[in-house]
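Worksheet: the structure to be examined is printed underneath.
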Amino acid sequence: MRMGADNVKKIAFLTLGCKLNYAETSTYERGFKEAGLEVVPWTAKADVYLVNTCSVTATSDAKSRNLVRKVHRVNPDAVVIVTGCSAQLRRTDYESIPGVARVFGCNEKSLVVPETLGILAGRPDKVAPENTLPPSARKREGSRSDDFQGPPCLDGGMVFPAWSSGERTRSFLKVQDGCNNYCKYCTVPYARGESRNVPVAECVANARRIAALGVKEIVLTGVNTGDFGRTTGESFLDLLKALNDVDGIERYRISSIEPNLLTEEIVDWIASGTKFQPHFHIPLQTGSDELLQAMGRHYTTDFFASKLDYIRKAMEAPGKPLVFFGIDVMVGLPGETEELFAQTVSFLERVRPSFIHVFPYSRRPGTPAANMPGQQSEAVKKERVAVLEGLCERLHAEFVQANRGIREKVLFESTDRQGFMEGYTGNYIRIRRPWEASLCGKIVDVTI
Ligand code: SF4
């Protein structure tokens, strides 16, 4: 959309939620820039605002709606575009907000740029979402709730490739989308559809594009990343090996991986000396086997503990950095009595993660857990979040202390923080040093 200098259309982006959403917004942004639009901050007056929403909790749904209303107030004449998981699940809510010109569902991501450009050019030709799908994808058992608005997220195996740009240090590379697990508390499969993946060749091509920007680190991103290969028949290990050979990228991290999908074969390969860092983010959710089963999780606490043991044995040795384990835990699940919560606390003491990502359970209409007995009060959830955050602080301090004196490599970020710069070691310890321009985006040896 080439226009005179004073006629350049301005666009602003707002993104909530996960790394996937940031990679997708960044991909839309490159498309609009290529079309000649100018990107401005959302607080500025823009011709179009794109809000990429999140629906992981009731709070993120509400925040998403508030942002859409807010941008309309910033410029009531602007075109407002809504994408993301909350847009998929709460379509009619958004369509009724003043200023909203188009709501894109999860299987319409490839239409976001061309259709928005059409709207800006006065050609609001809208493709009905139902028609973008092969008939085979239209009927599927059990994955639809009346609590969700708009057509189901039928994807027919299509996946919208995406990667983040704009940051000099690391990039989020989308390799997988959707999930088939339907854990009892989770809306993600309804919002993002079935598990599907970007072909290995396309992931490698995107990694090369990222390397060409001088970025040194890539974070592999997906909904159920380890479930890579559902739609192409390629394996997750195939992907890791192919990416490992991409010149220019020196470090990889896996954003999150289910414990049962982080196989010993993958661990052995990573431990054999690759660009994949000793850093694993693994969702546990609860340390109670009774609740794991009730929530439809696919492992037991013993299995989880044995997985961490295996990784530590394969990757740790005297004088080498310890493996960083970031673990997701949800507190206040339906049925989580004081006794079951105590089981979670003692299990975490046993497996000693380096960091605990604590989430209070959010009751999501449309999920089976929402109708389960034993719903916990917000006060109880708040209390349990505080307990685990306290435990996290102690365990993280002990992890850093246990790495003292170890030689490690740090990728320094370019942000000048009052005369200092920061960066992460391979095993995800934050290091701070006096700012030095020549070290920006560089990997440097340090003693922790
Ligand atoms: S694995 Fe479970 S919690 Fe994670 S996205 Fe899938 S359904 Fe949700």
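Tabulated data
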{"quantity": "Where ASP416 falls short, out of the listed (1) surrounded by 16 or more Cβ atoms within 10 Å (Cβ to Cβ); (2) modelled with pLDDT under 95", "calculated": "(1)"}
{"quantity": "Pairs with Cβ under 6 Å, 6+ apart, first in the stretch 184-209 and in the same structural domain as THR231 (by TED's automatic domain parsing) and open to solvent by 10 Å² or more (accessible area, probe 1.4 Å), second part of a helix (DSSP H, G or I) and away from the ligand (no atom under 16 Å from the Cβ)", "calculated": "VAL200/ASP238; VAL200/LEU239; VAL200/ALA242; VAL204/ALA242"}
{"quantity": "Flag if ASN180 is open to solvent by 10 Å² or more (accessible area, probe 1.4 Å), under 30 Å from THR367 (Cα atoms) and assigned to a helix (DSSP H, G or I)", "calculated": "no"}
{"quantity": "Hits in the stretch 336-360 (condition: hydroxyl-bearing (Ser, Thr, Tyr) and either in a strand (DSSP E or B) or buried (at least 23 other Cβ atoms within 10 Å of the Cβ) (or both))", "calculated": "THR344, SER354"}
{"quantity": "Residue satisfying condition, being of a type in the set (Gly, Ala, Ser), open to solvent by less than 10 Å² (accessible area, probe 1.4 Å) and either in contact (Cβ under 8 Å) with a residue 60 or more places away in the chain or farther than 24 Å from PHE160 by Cβ (or both), within set SER64, SER86", "calculated": "SER86"}
{"quantity": "Any hit, the stretch 368-376, residues being modelled with pLDDT of 95 or more and open to solvent by 70 Å² or more (accessible area, probe 1.4 Å)", "calculated": "yes"}
{"quantity": "Some residue of the stretch 32-51 being assigned to a helix (DSSP H, G or I) and either under 21 Å from GLY99 (Cα atoms) or in contact with a helix residue (DSSP H, G or I) (Cβ under 8 Å, 6 or more places away or on another chain) (or both)", "calculated": "yes"}
{"quantity": "Helices (runs of 4 or more DSSP H) completely within the stretch 203-309 that count 3 or more residues being more than 16 Å from the ligand (Cβ to nearest atom)", "calculated": "236-244, 264-271"}
{"quantity": "The lone exception for TYR22 - which of (1) part of a helix (DSSP H, G or I); (2) under 21 Å from ARG123 (Cα atoms); (3) of a type in the set (Phe, Trp, Tyr) it fails", "calculated": "(2)"}
{"quantity": "Hey, SER235 exposed (fewer than 15 other Cβ atoms within 10 Å of the Cβ), among the polar types (S, T, N, Q) and more than 19 Å from the chain's Cα centre (by Cα) or not", "calculated": "no"}
{"quantity": "Scope the stretch 298-335; condition among the basic types (Lys, Arg), surrounded by fewer than 21 Cβ atoms within 10 Å (Cβ to Cβ) and within 17 Å of GLU265 (Cα to Cα); matching residues", "calculated": "ARG312, LYS313"}
{"quantity": "Residue match in the stretch 166-188 (condition: among the hydrophobic types (A, V, I, L, M, F, W, C) and away from the ligand (no atom under 16 Å from the Cβ))", "calculated": "yes"}
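The values are calculated or read from the model by the stated rules, or taken from the named source; none is laboratory data. Remember, predicted model here, so these are calculated numbers, not experimental data. Positions of Cβ are generated from backbone atoms using ideal geometry, with glycine treated the same way; all protein chains shown enter the neighbour counts. Just the protein is used for accessible areas: all its heavy atoms, side chains included, with ligands, DNA and RNA removed. Shrake-Rupley method; radii C 1.70, N 1.55, O 1.52, S 1.80 Å.
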